Amino acid sequence: MPHDVTSLKLAPQGKKRIEWAAQDMPVLEEIKDRFTKSKPLKGLKVSCCLHVTAETANLVRVLKAGGANVLLCASNPLSTQDDVAAALVKSYGIKVYARTGEDRTTYYKHLEAALKHKPEVTMDDGADLLSLLHSNKYQKQALQVKGSMEETTTGVIRLQAMEKAEKLMVPIIAVNDAKTKNMFDNRYGTGQSTLDGIIRATDLLLAGKTVVVVGYGWCGRGFAMRARGMGANVIVTEVDQIKGLEAVMDGFRVMPMSRAASVGDLFCTLTGDIHVLRKEHFKKMKDGATICNSGHFDVEIDIPALKKLSRKFRKNVRDFVDEYTLPGNRRIYLLGQGRLINLAAAEGHPASVMDMSFSTQVLATEYVLKNHKKLLNKVYYVPEKIENWIAKAKLKSFGISIDKLTKEQEKYLASWDIGT
Ligand code: ADE
């Protein structure tokens, strides 16, 4: 089995983790049962560039059960669970290219391996694979790709920009934008796993701390809600008036970062944008301020500016914690080198929420395969039918059913439908 992983000896531990996660992914299991019988992806070459976690392992197992020939590479150099990567190769026969802590050259070598697999369908988390596919070297290959799924906000933003510039060469399904993804994974998944990463990295007591949440999209909303639940005094910063207003009405303090910088104990960026914490903010931070990022790329905190400002640097004062001492002997603690803290220092989102995101991925793949001749090189939403099926299956897994409209109610609502 072609692969590049840290050590195959780690496979037994990885297999246990994969099996543990599978127990909390009942919707994916339901799809797997159907796929095992009907093989809707028979012979389909799929390259996935995703965080290599126990949850992703269960996603690729379903693709394989459906008959696909799958290759998995890492979508981030720090998020790979090496034992899971090993188990995927050894116990499940998946081609895996991922080593935790891989350098930039290895990261790109692994992306190239994913394209050399000649995929007809790709899955991305951050759009790095798709970007490489659009480079001069691989552009011809893009013509063979029937469609691509994108898992995260940053990736969708990148792909929409490519569509706008008329550079997009494949149809995209924006899995991230599905309700069954962002209302749950981005909100409850990021909310919980970001706190988990911060606590594992620092052992910080949140009660009574001032936590500054940078960005109030689904991820920021989830994190702010959970930080408040742990007793933190939460401040939200935003650039969008509506989101700022929403944060106020959700009961948070809202102010510009120019003011929040001097009062925060812990800052977490969740914006998808560049340098939302920067020199002018570091200059105002208190001694002992802790900063981290939960957005996809490590650009949200201006680390080069932090390095420039600092007089002294101590690496790993604790695992995942680097100490920068600024003029005035103020120490700033940077977590996980500014990479997404929930996957760098913890295990990413819990399996139960990834169940919905990855079921969306799989059903979107099946949709692409059935409909690719009709699809243009555009960014599409996930069809509503898929979202409704996933929500129903997830509720069913919790033992919950909901009401149906009566005939009378249907008729009443339809009577308002002027023009049809
Ligand atoms: N993104 C966030 N959490 C994740 C997880 N557990 N697995 C894969 N991708 C993720």
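The values are calculated or read from the model by the stated rules, or taken from the named source; none is laboratory data. Please read these numbers as outputs of a predicted model, since none were measured by experiment. Virtual Cβ from ideal backbone geometry, glycine too; neighbours counted across all protein chains shown.
In this structure, K315 does not satisfy being outside any loop (DSSP other than H, G, I, E, B), over 18 Å from L204 (Cβ atoms) and modelled with pLDDT of 95 or more. Taking the conditions exactly as written (assigned to a loop (DSSP other than H, G, I, E, B) and surrounded by fewer than 19 Cβ atoms within 10 Å (Cβ to Cβ)), does G348 satisfy them or not? Judged against the criteria, G348 is not a match. Screening the range 143-157 for residues that are of a type outside the set (A, V, I, L, M, F, W, C) and closer than 21 Å to K374 by Cα and picking the one that is farthest from the ligand (Cβ to nearest atom) gives Q144.
Of all the listed residues (M162, M149, M169), the sole one being touching a strand residue (DSSP E or B) at 6+ places or on another chain (Cβ under 7 Å), within 26 Å of I274 (Cβ to Cβ) and modelled with pLDDT of 95 or more is M149. Hey, could you check the range 278-312 for residues that are of a type in the set (D, E) and within 26 Å of the chain's Cα centre (by Cα) and say which is modelled with the lowest pLDDT? Per the stated criteria, the residue is D298.
Within the range 1-34, can you find the residues that are of a type in the set (D, E) and either more than 12 Å from the ligand (Cβ to nearest atom) or modelled with pLDDT under 95 (or both)?
D4, E19, E29, E30, D33
Residue by residue, here is whether (1) in contact with a helix residue (DSSP H, G or I) (Cβ under 7 Å, 6 or more places away or on another chain); (2) at positive phi; (3) loosely packed, with under 15 Cβ neighbours inside 10 Å; (4) basic (K, R) holds:
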| position | (1), (2), (3), (4) |
| --- | --- |
| K307 | no, no, yes, yes |
| K315 | no, no, yes, yes |
| G328 | no, yes, yes, no |
| R339 | no, no, no, yes |
| V362 | yes, no, no, no |
| K373 | no, no, yes, yes |
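Of the helices (runs of 4 or more DSSP H) lying entirely inside the range 180-276, those containing at least 3 residues that are away from the ligand (no atom under 16 Å from the Cβ) and aliphatic (A, V, I, L, M) span 218-229, 241-249.
Just to be sure, is K396 under 30 Å from Q160 (Cβ atoms), part of a helix (DSSP H, G or I) and of a type in the set (K, R)? Break it down stepwise before answering.
Numbers: under 30 Å from Q160 (Cβ atoms): no; part of a helix (DSSP H, G or I): yes; of a type in the set (K, R): yes.
No: the conditions fail for K396.
Of all residues in the range 389-420, exactly one satisfies the criterion of being β-branched (V, I, T) and surrounded by 10 or more Cβ atoms within 10 Å (Cβ to Cβ), namely I390. Looking for something under 30 Å from F398 (Cβ atoms) and of a type outside the set (D, E) - is there at least one such residue anywhere in the range 104-111? Among the residues of the range 104-111, not one is under 30 Å from F398 (Cβ atoms) and of a type outside the set (D, E), which makes the answer no. Residues considered: A86, A161. Of these, the only one that is crowded, with 19+ Cβ neighbours inside 10 Å and either within 14 Å of the ligand (Cβ to nearest atom) or part of a helix (DSSP H, G or I) (or both) is A86. Of all positions in the range 344-364, at least one carries a residue that is touching a Leu at 6+ places or on another chain (Cβ under 8 Å), among the β-branched types (V, I, T), within 16 Å of the ligand (Cβ to nearest atom) and farther than 30 Å from A305 by Cα. If you go through the range 35-55 and keep only what is without any contact (Cβ under 8 Å) to a residue 60 or more places away in the chain and within 16 Å of the ligand (Cβ to nearest atom), you end up with just V52. Of all residues in the range 34-78, those satisfying the criterion of being assigned to a loop (DSSP other than H, G, I, E, B) and closer than 20 Å to V368 by Cα are K39, P40, L41, K42, G43, L44, G66, G67, A68. Assess whether I341 counts as being within 16 Å of the ligand (Cβ to nearest atom) and among the β-branched types (V, I, T). Here the answer is yes, as I341 does meet what is asked.
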